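Rule-based calculations on the coordinates, nothing more; no lab input. Just so you know, these numbers come straight off a predicted model, no measurement behind them. Because the Cβ atoms are built from the backbone with ideal geometry, glycine has one as well, and the counts that use them run over all protein chains shown.
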Amino acid sequence: MSKTVSGFSKLNKIEKIDWLISNFFNNDEKVAKCLAQYWNSNKILQDLHDDFIENTISNFYMPFAIAPNFVINGKDYTIPMTIEESSVVAAASLVAKFWSTRGGFKATVISTVKIGQVHFMFEGNKIALQNYFSSKKEGLFKVTEEITKNMKKRGGGILDIELRDKTAELNNYYQLHVTFETADSMGANFINSCLEAIANEFENEGIQIVMSILSNYVPDCLVRAEVSCKVNELYAENSALFAQKFVQAVQIANAEPHRAVTHNKGIMNGVDAVVLATGNDFRAIEAGAHAYAAKDGQYKSLTNATIENGIFKFWIEVPLALGTVGGLTKLHPLSKLSLQLLGNPSAKELMEIIAVAGLAQNFAALRALTTTGIQKGHMKMHLTNIIKQLGATESEKQFLINYFENKTVTHNAVVEAYNKLVGDK
Ligand code: MEV
């Protein structure tokens, strides 16, 4: 039986679910109930979520947590995090507390330039093209005036439009490389609207516009966050060895892409969680961060660490194109609340906070990896998750946590211990 359908988006929610369960779930009403149990009883709120995307049939919950005790540039923050991975928030909170007693995190925005490109093909004379561009340049700014009016009031706008010859990479390929300042907005719609207006104005018989779109590679929208302390204040036991192994762990990620990817994944655990909680676009952030990690021709660590004159220093530099206005930021009630919790930061301040969240997460991962190993903490959370799935009571839970204190946690071992416990009762 064919499962294709036409006019699907016009069906209402119930009709969509009916179609789904009859085509994929053997008309199992339990599936409809499972979807319906996540609907919000507040109609206004549910309508809001329905309208974020097309064909919404339910809400997919993710945990929303807070990590307190972050000190960034001398200011206290409690950071909102949306993430499903069990150990991330616990790690962030521990590391926040740890560094709060060692001077806190220092963060600075290095630059905030965003990029968009009009990609086009041109077969004619290069000098003629350059002359055409020069004669048009002022007009290209002019056609965007209506779009840039409000952005200019907020200190943003188009910074420059450049003609770039890309014919060495691809025959007849050129681009208008446009740089933007988008103030407190991420600016995707603004940039794309400007680019399309520019492309329309620039196009002529010899110029074939292929596409106009922002770039998520934003190496000049860059933030740096850092922690430092005396080596002997770093770790309770053998601090010098700990510092040395920590720095070596970062060096390994810089030397070896397999490790670098996992190392950076750990950083993105922290970054993405705050990006999501604040209603920002985590796919854009991910793409841009990983491209930046490969900027030297090899995929490397986004963080670095040194020991100099008895001082341990650990820092991150990462491009983050974020917004604190526009998009989902104020539309999603929890994103709005997250931003309120952070004191309604500017986009620049949010860049600093999120870079810190990434650095903290990397610190937690490397500290665990170079000392106890990562599984100790992970397995503790894993154990509580399994216990929960088994429906254990509070006293059974405590018994199992004590029982596994010095034993290896596997799903089978926990189930067996639980069965024995309830069987024995
Ligand atoms: C797990 O989500 C993240 C880590 O693998 C990061 C790392 O290895 O650095 C623990």
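Which is farthest toward the positive dipole end of the chain among Thr56, Gly373, Gly7, measuring Cα position about the Cα centre, with Cβ charges +1 (Lys, Arg) and -1 (Asp, Glu)?
Checking the options against the dipole of the chain, the answer is Gly373.
Provide the descending list of Cα extents for the range 278-425 along its principal axes, expressed in whole angstroms.
Sorted from largest, the Cα extents of the range 278-425 read 59, 47, 30 Å.
Just how large is the dipole of the range 281-394 about the Cα centre, in debye to the nearest 20, putting +1 at every Lys and Arg Cβ and -1 at every Asp and Glu Cβ?
So the magnitude is around 220 debye.
Note the direction-averaged projected area, equal to a quarter of the hull surface, for the Cα convex hull of the range 189-238, in nm².
Over all viewing directions, the range 189-238 projects a mean Cα-hull area of 6.9 nm².
If you filter the range 329-425 for GluC sites (Glu not before Pro), then keep DSSP loop positions with at most 12 other Cβ within 10 Å, what is left?
Glu405
Within 10 Å of each residue's Cβ, count the other Cβ atoms and sort Tyr299, Tyr38, Tyr173 from fewest upward.
Listing Tyr299, Tyr38, Tyr173 from fewest to most nearby Cβ atoms yields Tyr38, Tyr173, Tyr299.
With θ set to phi - 60° and the Karplus curve 6.51 cos²θ - 1.76 cosθ + 1.60, what are the ³J(HN,Hα) couplings of the range 297-312 in order, to the nearest whole Hz, using x for Gly and Pro?
With coefficients 6.51, -1.76 and 1.60, one gets x, 9, 5, 10, 5, 7, 10, 9, 8, 9, 10, 9, 6, x, 10, 8 Hz.
How large is log10 of I(q)/I(0) for the chain at q = 0.07, 0.11, 0.13 Å⁻¹ when the intensity is taken from the Debye formula with one equal scatterer per alpha-carbon?
The Debye formula, applied to the Cα set alone, gives -0.47, -1.04, -1.24.
Most fluctuating residue of Asp281, Asp51, Asp184 in a GNM of the chain with Cα springs under 10 Å: which is it?
Per the Cα network of the chain with a 10 Å cutoff, Asp51 tops the list.
As I understand it, the dipole of the range 179-260 uses +1 on the Cβ of Lys and Arg and -1 on the Cβ of Asp and Glu, about the Cα centre. Which of Gly187, Ala197, Asn216 lies farthest toward its positive end?
Most positive-ward Cα: Asn216.
Dipole of the chain, Cα-centred, from +1 at each Lys and Arg C-beta and -1 at each Asp and Glu C-beta, to the nearest 20 debye?
Around 960 debye, computed over the chain.
Assign unit charges at the C-beta atoms only (+1 for Lys and Arg, -1 for Asp and Glu), then state the dipole size of the range 204-309 relative to its Cα centre in Debye, rounded to the nearest 20.
Rounded to the nearest 20 debye, it is 220 debye.
Tell me which residues come under 5 Å, amide H to amide H, from Ile66 once H is placed; ignore anything under 5 positions away on its chain.
Met81
Can you list the lysines whose alpha carbon sits under 24 Å from that of Lys245, skipping same-chain ones fewer than 8 residues off?
Candidates past the 8-residue exclusion: Lys97, Lys106, Lys230, Lys265, Lys300, Lys313, Lys376.
Rounded to whole Å and sorted largest first, list the principal axis extents of the Cα atoms in the range 91-237.
So the three principal-axis extents are 72, 38, 22 Å.
At 7 Å along the Cα-to-beta-carbon direction for both Thr410 and Phe64, put a label point, then send me their distance in nm to one decimal.
4.0 nm
Helix by helix through the chain, keep the DSSP H runs that span 27 Å or more along the axis on Cα and average at least 1.6 on Kyte-Doolittle, and give those back in order.
In the chain, no H run is both long and hydrophobic enough.
Using a 10 angstrom cutoff on alpha carbons, build the Gaussian network for the chain and name the most mobile of Thr148, Thr329, Thr303.
Result: Thr148 has the largest fluctuation of those listed.
Roughly how far apart, in whole Å, are the Cα centres of the range 149-199 and the range 343-386?
35 Å
Sort Leu400, Leu170 by Cβ crowding within 10 Å, fewest neighbours at the top.
Leu170, Leu400
Helix-only mean residue ellipticity at 222 nm, the chain, DSSP H runs n ≥ 4 weighted -39,500 (n - 2.57), per residue, nearest 500. What is it?
Per the formula, -15500 deg cm²/dmol.
Which ³J(HN,Hα) values, rounded to whole Hz and listed in residue order, are derived for the range 211-219 from phi using the Karplus coefficients 6.51, -1.76 and 1.60 in 6.51 cos²θ - 1.76 cosθ + 1.60 with θ = phi - 60°, glycine and proline given as x?
Taking θ as phi minus 60°, the curve returns 6, 10, 7, 5, 10, 7, 8, 10, x Hz for the range 211-219.
Could I get the Rg over Rh figure for the range 316-398? Both from C-alpha atoms, Rh via Kirkwood, rounded to two places.
Looking at the range 316-398, the ratio lands at 1.15.
Amide H to amide H under 5 Å from Ile311: which residues, 5+ apart in sequence or cross-chain, H placed 1.01 Å off N in plane?
Long-range HN contacts for Ile311: Val231.
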